[in-house]
Amino acid sequence: MKTKTKKASSALIFEGAGWEKAPSSDVGNCRIRTRLVNDDGVTIYLEIHGCERTKYTARPFDFTGYASHCYAADCNESSEWKRLEGKPFSYTAAGLLAWVNENLRCSFTALEVVNDGSAAVHETEGALCQSTKREIAFAVPGESSIIDTADPVTRLGHWSGENLAQVQIRYPGAQIVFMDEWIAAKAAEQNAPGEWQECTKDRHWEMLEVLPPRIQQRGAFLVGEPMDHNAGTGEARYQAHRELHGEFFVYSRPVTVREFRALIA
């Protein structure tokens with residue numbers, strides 16, 4: 001048995017095990033199989049059949065797929081995965097990718113069906129492909145910071161060593177979130193449009209004198225100490241003040257130096 005495996009961090013790889021010229025939508029084969037590692041580090045054997053809809057297959061899809069075998073590689077009686085066997089789904093490249101990601105806890109971004117025999121599942125050890133393990137964390141929706149990052153396999157906090165139920169005792173409403181999604185959402189919130197709002201002359205001078213400004217141009221300045229950092233780029237964000245025609249303003253959200261220069265240009 002070969003020990004070399006074909007792996008990819010983003011591509012879901014299947015061995016084409018049927019007749020590649022059979023009608024199979026854009027999947028490329030009517031019978032496919034793989035051994036994959038999901039985001040939790042579990043190795044799963046998966047075999048799928050697909051067929052074109054006929055008058056005898058009253059399904060809502062032009063091409064219907066179903067898993068004939070789906071189980072954890074170290075336990076053939078894995079009820080968590082075997083419950084998926086026989087349930088129909090759209091047998092298209094997009095439908096297949098979505099079904100695997102949703103049901104097997106994966107995050108593959110592309111699909112590849114190999115029909116030349118070079119990806120023979122039963123002649124290799126290990127997996128044909130491995131889903132990228134996405135970083136996770138504990139966080140309360142709507143809060144500006146996470147509670148703790150966590151191991152994607154054990155689901156235990158890196159700092160606290162606690163699971164989600166234990167974290168929720170201290171932080172009601174806490175959930176497990178994917179770090180990439182949380183960062184993107186926070187960056188989008190931070191980058192939302194702001195506006196100049198009136199403030200008092202005393203407040204303007206107080207913030208100008210409390211610390212040496214980070215930058216000062218055209219009657220405007222950034223307070224010398226960052227308020228936070230941009231979740232997407234890591235850039236420091238500062239409170240911005242300006243004087244314009246004898247009136248005083250503060251920007252409604254922290255801004256980066258780059259944003260500040262654009263605002264006063």
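Couple of notes before you dig in:
- Candidate set: the range 108-149, residues that are modelled with pLDDT of 90 or more and under 13 Å from Ile176 (Cα atoms); chosen: the one surrounded by the most Cβ atoms within 10 Å (Cβ to Cβ): Phe138
- Selection of the range 201-222 for residues being in contact (Cβ under 8 Å) with a residue 24 or more places away in the chain, closer than 17 Å to Leu263 by Cα and buried (at least 16 other Cβ atoms within 10 Å of the Cβ) yields Arg214, Ala220, Leu222.
- Scan of the range 237-256 for residues that are within 30 Å of Trp182 (Cα to Cα), surrounded by 16 or more Cβ atoms within 10 Å (Cβ to Cβ) and not aromatic (Phe, Trp, Tyr), ordered by number: Arg237, Gln239, Ala240, His241, Val250, Arg253, Pro254, Val255, Thr256
- Of all the residues in the range 27-85, those that are in contact with a helix residue (DSSP H, G or I) (Cβ under 8 Å, 6 or more places away or on another chain), assigned to a loop (DSSP other than H, G, I, E, B) and either of a type in the set (Asp, Glu) or at pLDDT below 85 (or both) number 1.
- A search for C-beta distances below 9 Å between a residue of the range 181-200 that is touching a residue at least 40 places away in the same chain (Cβ under 8 Å) and any residue that is of a type in the set (Val, Ile, Thr), counting only pairs 6+ apart in sequence or on different chains, returns Trp182/Ile146; Ala187/Thr233; Gly194/Val255; Trp196/Val250; Gln197/Val250; Glu198/Val250; Cys199/Val250.
- Residue check, Lys6 outside the structural domain of Asp116 (by TED's automatic domain parsing), part of a loop (DSSP other than H, G, I, E, B) and either closer than 13 Å to Val121 by Cβ or modelled with pLDDT under 90 (or both): yes
- In the range 175-200, residue farthest from Gly232 (Cα to Cα) [restricted to those that are at pLDDT 95 or above and surrounded by 11 or more Cβ atoms within 10 Å (Cβ to Cβ)]: Cys199
- Count - residues of the range 84-96 that are buried (at least 18 other Cβ atoms within 10 Å of the Cβ) and in contact (Cβ under 8 Å) with a residue 40 or more places away in the chain: 3
The values are calculated or read from the model by the stated rules, or taken from the named source; none is laboratory data. If you're wondering where the values come from, they're calculated on a predicted model, not measured in any experiment. As a convention, Cβ positions derive from the backbone with ideal geometry for all residues, glycine included, and neighbour counts pool all protein chains shown.
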